[in-house]
Amino acid sequence: MAYRLRFKLRRGIELTMIIVIMGMITAISLALLQIVSSQNILSNREIRQQQISQVAEAGVNYYRWRLAHYPTDYQDGTNSAGPYVHDFTDATGKVIGRYELTITPPVTGSSIATVVSSGYLLTQPNARRTVTVKLGVPSLSKYAVVANADMRFGGGTETFGPVHSNGGIHFDGVAHGLVSSSQTTYTDPDGAGTKPGVWSLNPDATTFLGGKLFPVPPVDFNGITLDLATLKGLAASPSGLLLPSSGAQGYQLTFRTDDKVDIHRVISQLSCQYNSGFCSNNPHQSCAANSNCSGSGTCQFAWRNFGYCTNNFNKFCYSDQTCQNYCSNNFNQYCTQNSNCGGGNTCNTAAVACVMSSFSIGTRAADQTVYQLGVPLPANGVIFVPEDTWVDGQIDSARITVVAADQNQLATGKVNIYVNNDLKYTHTDGQDAIGLIAQNNILTGYFSQNDITIDAALIAQKGRVGRPYYGSWFTGSNTASNFQVSPSGSPLPGVETSCKDFRKRTNLTTLGSMATNQRYGFAWIGNLFSCGGSLSNNSGYCNRYLNFDANLIFAPPPSFPTSGEYSIISYTEQ
């Protein structure tokens, strides 16, 4: 009896345990099913969200493609206001969603457009994702320096930001940004022979701190002519400023911190002359006495202005005659016939102009007449000057572009811009921007400041950015008595006691960018360069600090030329 009771009790416990375990298994199974179901729901939701995001992103990608092919189309090819609706298909071609596009075109003078794409699935039209992107075309000021010729950056040059040339680059300074060239190899014009696209006499580790890269695609300088036509139109509009012919040598623009500009006509200029002897039968040969001249040539002394040949900024001249008769393989070599040049090279005898580069705006009242003072800066920021232009001053919370070009010959004119005194921003955070676009050259003149600051994006479309070579073709010692200011008795624009002291300058600091069609150069150093030294062939700025203003890449000066295609500046998703 007792045995049966124990057996029944044990069976009861076992059944209870089985029931409990089965209940636990059932509960766990139900929980697992709920988890799996929840995970499945979440997974499906994430898939749908990803699909919706893909639909919205497809709208952005589509409009990037459209702007690449139609850069000024901000109405989706419809010529009417949006939003613009497009179907989105899956891999089988089935329409599964749509995106709606809202396009905001760039404001005048900018390249930044805003694209808003709202995407949804047809199965859930109320569940939407919105992607907002800002697209911009980089301006030509995306480089610290960009050139269309072989370049040399000597010791004493320090660059911050990317440097590029369509030619080769010899860089012996310090580059903190990438240095690139469109050449695999090139023939160095300074006699170093065949060299890689980018090279240095110094170790790469101490020179190319931002790296070097070659070959890369070239930058189009010829296209700038089209931009000049656009800029002229903007300046001629009611919101721009188009100056008439000065009836003199050009205009001086001095910017003010009250968002105004003082404009003067330039009617005469100051120059520095040197006393030198040249042979009458060979203007390329200097002399101290008749015995130095061959044949019947006589040594003739005269006071002459510094000058450079239009075909070669490194070639010194005092008249057009000294720029003629040069070898095709060496612009510095004088010749009378092809055989003088050797190797099948030709002796060019076509007339080339000698530019009197020592001229600069003088300090006398007679050098200028008032055109207009306190002129408000134009609303669209574009000033077009049809003649040579001198620019200086300081802006405050302003954005301005100055174009100097022959308005009747935009493709072939030779108008220059000169910066002899500081040209500055008040703010360096992107609020201020100055653009200088010269049809020919942008130069610092002979009477430029010893320590000069130029805050601007510079473009020399057909010429170069730099300072001409002010040589020392005179006989005797390098003393003040061999130089004189002209007109005689004119005050010098600085603390110097002789105009000879302006040949050598100390510091040039730029903030912005520099685009030069021909070879850049603010220092001419012969074989050696000693800051403050006595070498008579030294000329220009001893130290050159070329700083890059990254704000100019997508926020350049008004209506500045662009380079490249639209790229994403910012991206947000909601």
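The values are calculated or read from the model by the stated rules, or taken from the named source; none is laboratory data. All of these numbers come straight from a predicted model, not from anything done at the bench. No Cβ is skipped: glycine too gets one built from the backbone with ideal geometry, and neighbour counts run over all protein chains shown. Only protein heavy atoms, including side chains, enter the accessible area calculation; ligands, DNA and RNA are left aside. Shrake-Rupley method; radii C 1.70, N 1.55, O 1.52, S 1.80 Å.
For the chain, calculate the relative contact order in percent as a whole number, restricting contacts to Cα pairs under 8 Å that are 6 or more residues apart.
Result for the chain is 16 percent.
How large is the Kirkwood hydrodynamic radius of the stretch 354-484, in angstrom, based on all distinct alpha carbon pairs?
That comes to 16.4 Å for the stretch 354-484.
Arrange the residues Ser481, Ser570 by how much accessible surface each exposes, largest first, with a 1.4 angstrom probe.
Ser481, Ser570
Please state the relative contact order of the stretch 55-101 as a whole percent: Cα pairs under 8 Å, 6+ residues apart?
Relative CO of the stretch 55-101 lands at 38 percent.
With all protein chains present, how much of the accessible area of the chain (probe radius 1.4 Å) comes from carbon and sulfur, to the nearest whole percent?
About 53 percent, which is the carbon plus sulfur part of the accessible surface.
Shape verdict for the stretch 211-299, please, from the Cα gyration tensor: rounded (a/c under 1.5), prolate (a/b greater than b/c) or oblate.
oblate
Can you give the accessible area per residue of the chain, in Å², using a 1.4 Å probe?
45
What's the ranking of 457-467, 235-245, 131-141 by average number of surrounding C-beta atoms within 10 Å, highest first?
Descending packing order for the listed peptides: 457-467, 131-141, 235-245.
With respect to the cross-link table entries Lys424/Lys462; Lys414/Lys462; Lys232/Lys462; Lys260/Lys424, which display a Cα-Cα separation exceeding 19 Å?
In this structure, Lys424/Lys462 lie more than 19 Å apart at Cα.
Answer rounded, prolate or oblate for the stretch 135-191, using the Cα gyration tensor with square roots of eigenvalues a ≥ b ≥ c: rounded when a/c is under 1.5, else prolate when a/b is larger than b/c, else oblate.
oblate
With viscosity set to 1.567 mPa s and temperature to 4 °C, compute the Stokes-Einstein D of the chain, Rh being the Kirkwood radius across alpha carbon pairs; µm²/s, no decimals.
46
Calculate for the chain the 222 nm mean residue ellipticity that helices alone would give, adding -39,500 (n - 2.57) per DSSP H run of length 4 or more and normalising by residue count, nearest 500 deg cm²/dmol.
-5500 deg cm²/dmol
Compute the helix-to-body angle for 2-69: its Cα long axis versus the longest principal axis of the chain, expressed 0 to 90° and rounded to tens.
30
How much accessible surface area, in Å² rounded to 10, belongs to the heavy atoms of Asp220 with a 1.4 Å probe?
Spelled out: Asp220, probe radius 1.4 Å, area about 100 Å².
Within straight cross-link reach of Lys195, meaning Cα distance under 20 Å, which aspartates and glutamates are found once same-chain residues fewer than 8 apart are removed?
In chain and number order, the partners are Asp150, Asp172, Asp204.
What do you reckon, how do His170, His427 stack up by accessible area (1.4 Å probe), largest on top?
I get His427, His170, largest accessible area first.
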